[in-house]
Amino acid sequence: MQELLGSRKKSLGMSKKLLCLMLILVLSTAVGCSNSSNESTQEPKQAEVVELRLAHFFPSTHPAETELIQPWIKAVEEASNGQVKITSYPNQTLLNADSIYAGVVDGSTDLGLSCFSYTRGRFPVLEVFELPGVTYNNSKVASKVAWEGIQELNPPEIQDTKLMMVLTTGPGDLYTKDPVRSLQDLQGMEIRATGLSATTLETLGAVPAAMPQSDAYEALTKGVVKGNLGPVEVLKGWKQAEVTSYITETPFLYNTLFFITMNLDKWNSLDPDIKEAIEAVNDEYFEQVAIGLWDKQNEDALKYAVDEQGMEVITLSQEESDKWINLVQPIQDDFVARMDAAGQSGQEILDTVKRLADKYNAEYQ
């Protein structure tokens, strides 16, 4: 009997062990299937989205924002398959106009649009594109000259950011409260200007007052300045036709160079295919939008200023124009001398710009 009981206990023990082994096997198989199922249904990992900020000083309604920046942002996002998203901060909401380039360098903003001339002395070589006495037929000519010239000259002062594109206003004029029909009328008149334009006005006998376009309307309203030197566009885009009465045509005095540039570390962190896609968008928007942006604005603004605001257009006589041009010629000579003193060939830089101006003036009449 005892042997029979012992045999049964032994048999039961073996059955329990077998049951446990079978249970472990079933659970292991179930877990394995579950993991396999999860792996097969798991979606591929999404590429990381790079979010960038772009600072500029134009109003949110200005064509620089509505016709260039916003469409360009959308094109970059599409070209990068949604991997690069850019948010624009217009109207100096992120950085003041004269702090934007430095802000791009130090990472306060990832991208910026502003004028090189707003930080006078910071871009000595690029002043060549704003020298008085160099004639540009329109903003297309001036923009092409600047972009191609920068590629040729490769100035050291812009190596600390990734330059996306440049664009210009093209030739500009004087907009004043009192008529300027001769040099005598300009003597002692306070005129808003920036960068090299301030030197130009001072040479002609005016009193330049440095400030961005965003401050000019209030300054004109309060009588802090009596006029402005700039593209015709400001009469409508910045509403300055409301606070000035006369347009004196001076196409040989003015050109302003804008930049769109990116923080260098941020640019270098992008994948090569993303960089290539962005540069293709840059090329497209430079050619199709940026180079002619101010021409269209200038045309619309002149019609608005004359037809709707009643501004008078003053055309200088050839004799009077020659007087002005002769007075500003030394500014070109001074530029050459300053470049030579800094160890660069000033005349070669100036000749490059004049050669390109002749080339593109012939192409864009």
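Annotation for the range 243-255: no member residue is without any contact (Cβ under 8 Å) to a residue 60 or more places away in the chain and of a type in the set (D, E, K, R). The residue of the range 283-315 that is nearest to T135 (Cα to Cα), among those that are surrounded by 14 or more Cβ atoms within 10 Å (Cβ to Cβ) and in contact with a Phe, Trp or Tyr (Cβ under 7 Å, 6 or more places away or on another chain), is I314.
Can you tell me how many residues in the range 183-230 are outside any loop (DSSP other than H, G, I, E, B) and either of a type in the set (V, I, T) or modelled with pLDDT of 95 or more (or both)?
Step one: of the range 183-230, the residues outside any loop (DSSP other than H, G, I, E, B) are 183-186, 190-193, 196-204, 207-210, 213-222, 227-230.
Next, only the ones that are either of a type in the set (V, I, T) or modelled with pLDDT of 95 or more (or both) stay: 183-186, 190-192, 199-204, 207-209, 216-222, 227-229.
So the answer is 26.
Return a yes/no flag: does the range 159-166 have any residue that is of a type in the set (D, E), in contact with a Ser or Thr (Cβ under 8 Å, 6 or more places away or on another chain) and at pLDDT 95 or above. Taking every residue of the range 159-166 in turn, none turns out to be of a type in the set (D, E), in contact with a Ser or Thr (Cβ under 8 Å, 6 or more places away or on another chain) and at pLDDT 95 or above.
Please tell me if G103 is in contact (Cβ under 8 Å) with a residue 12 or more places away in the chain and on the phi > 0 side of the Ramachandran plot. No, not satisfied. Taking the range 119-134 as the range and being over 19 Å from Q151 (Cα atoms) and in contact (Cβ under 8 Å) with a residue 12 or more places away in the chain as the test, the residues that pass are T119, R120, P132, G133, V134.
Filter the range 231-247 down to the residues that are in a loop (DSSP other than H, G, I, E, B) and polar (S, T, N, Q), then identify the one that is farthest from I314 (Cα to Cα). Filtering the range 231-247 for residues that are in a loop (DSSP other than H, G, I, E, B) and polar (S, T, N, Q), the one farthest from I314 (Cα to Cα) comes out as T244. Taken as a whole, the structure places Q297 among residues that are in contact (Cβ under 8 Å) with a residue 24 or more places away in the chain, closer than 21 Å to S245 by Cα and under 27 Å from the mean Cα position of the chain (by Cα).
Results for (1) of a type in the set (A, V, I, L, M, F, W, C); (2) surrounded by fewer than 24 Cβ atoms within 10 Å (Cβ to Cβ); (3) free of Cβ contacts under 8 Å to residues at least 40 places away in the same chain, shown as yes or no for each residue.
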site: P171; (1), (2), (3): no, no, no
site: Q187; (1), (2), (3): no, yes, yes
site: V207; (1), (2), (3): yes, yes, yes
site: N228; (1), (2), (3): no, no, no
site: K239; (1), (2), (3): no, yes, yes
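Residue count for the range 258-279, restricted to those that are touching a Gly at 6+ places or on another chain (Cβ under 9 Å), crowded, with 19+ Cβ neighbours inside 10 Å and not aromatic (F, W, Y): 4.
For the range 68-99, taking the residues that are crowded, with 16+ Cβ neighbours inside 10 Å and of a type in the set (D, E), the one that is farthest from E284 (Cα to Cα) is identified as D98.
The values are calculated or read from the model by the stated rules, or taken from the named source; none is laboratory data. Just so you know, these numbers come straight off a predicted model, no measurement behind them. Cβ atoms come from the backbone with ideal geometry, glycine included; neighbour counts cover every protein chain shown.
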